[in-house]
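Contents: one structure, followed by commentary.
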Amino acid sequence: MSYTINDVLSVLQARYAHTRMHRLRAVDQALFWAGKALHVSLFYVVPFYLHGIAALWTVILPVQMCGSAFLATSFIVSHNSEGVEYNVPLDVDWGEMQVRTAVNWSVMHDPQTPWVWAQFWLLASGGLNYQIEHHLFPGICHVHYPAISRIVRQVCAERGVPYNAYPSYASIVGSHLRLLHKLGQGQDEALEERAPRILGAPRVEEETAVWESRQVPGEMVLKSVGGGRTAVAVLGGEGDKHEETKEEEEEEGMTARRRRGSRSGTS
């Protein structure tokens, strides 16, 4: 129930808790308010109209309880499983702590996760299956998490930080229950005896072609440009790509400075 009210406040204030949000475009505002009206009508107005006050315990409460149970479970398993690190030193970098204390599940480009299930859980959970990215980038829409996760995986591999992910929702729930069983038996050392499932750096050359074929124009992807360098490619409307690397940007800047210098010299 609180989400029904809080998201309205977030839109009006352009802020979620301490995170600032972008102002919605007019079309997005229209979609939001239309969706909110439809939600309130289907979940509250129609049930009360058809069932009276009895709708409170025959329709509304069961739906809210099921939704709350799923939401709570999604958070619990992502922070209390065999892949999570506990007792992380306080001097660890904030970003690294988010990665070490969270675990993803059913993500794209996991060789053991069917792409259909990865898409399903991305939509059904609102991106909570990308719990690591959810913590690192709370102000970014969850539809961008799959693209961001590839960059996060690359950085983690370079820095030696484990990027943990389970292949399915069932597998991470099983890991969660095993951890609870160990702790219930007084095996506190289970917190230190981790059984992580680490996804390595993204296979840029192998994944990019598949990734591009599944993304909408404007989505950012990683792309190998040779010489061990990786660039960010932005998909265009007709399959064309605009690529920029740091070296190219520096070269353009030097060319511009030379032109300005030659003009000042001639004057």
Original post:
Would you pick out the residues in the stretch 127-169 that are part of a loop (DSSP other than H, G, I, E, B) and either touching a Ser or Thr at 6+ places or on another chain (Cβ under 9 Å) or in contact (Cβ under 8 Å) with a residue 24 or more places away in the chain (or both)?
Top reply: Leu128, Asn129, Tyr130, Pro138, Gly139, Val161, Pro162, Tyr163, Pro167, Ser168
Original post:
Somewhere in the stretch 112-121, is a residue outside any loop (DSSP other than H, G, I, E, B) and touching a His at 6+ places or on another chain (Cβ under 9 Å)?
Top reply: yes
**OP:** Only residues that are aromatic (Phe, Trp, Tyr) and surrounded by 15 or more Cβ atoms within 10 Å (Cβ to Cβ): list them for the stretch 93-141, please.
**Re:** Trp105, Trp117, Trp121, Tyr130, Phe137
**OP:** Might you check whether a residue that is in contact with a His (Cβ under 6 Å, 6 or more places away or on another chain), at negative phi and not β-branched (Val, Ile, Thr) occurs anywhere in the stretch 169-191?
**Re:** no
**OP:** Considering each residue of the stretch 76-101, count those that are assigned to a loop (DSSP other than H, G, I, E, B) and on the phi < 0 side of the Ramachandran plot, and give that number.
**Re:** 14
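Each row is one residue, and each column tells you yes or no for (1) more than 19 Å from Ser168 (Cα to Cα); (2) in contact with a helix residue (DSSP H, G or I) (Cβ under 8 Å, 6 or more places away or on another chain); (3) without any contact (Cβ under 8 Å) to a residue 60 or more places away in the chain; (4) small (Gly, Ala, Ser).
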position: Pro89; (1), (2), (3), (4): yes, no, yes, no
position: Glu96; (1), (2), (3), (4): yes, yes, no, no
position: Ser106; (1), (2), (3), (4): no, yes, no, yes
position: Asp110; (1), (2), (3), (4): no, yes, no, no
Original post:
Just to be sure, is Val46 modelled with pLDDT of 90 or more and surrounded by 11 or more Cβ atoms within 10 Å (Cβ to Cβ)?
Top reply: yes
Original post:
Hey, does the stretch 167-183 have a residue that's of a type in the set (Val, Ile, Thr), crowded, with 17+ Cβ neighbours inside 10 Å, at pLDDT 90 or above and within 16 Å of the chain's Cα centre (by Cα)?
Top reply: no
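The values are calculated or read from the model by the stated rules, or taken from the named source; none is laboratory data. The model shown is predicted, which means the values in this text are computed figures rather than measured ones. Using ideal geometry, Cβ is built from the backbone for each residue, glycine included, and neighbour counts are taken over all protein chains shown.
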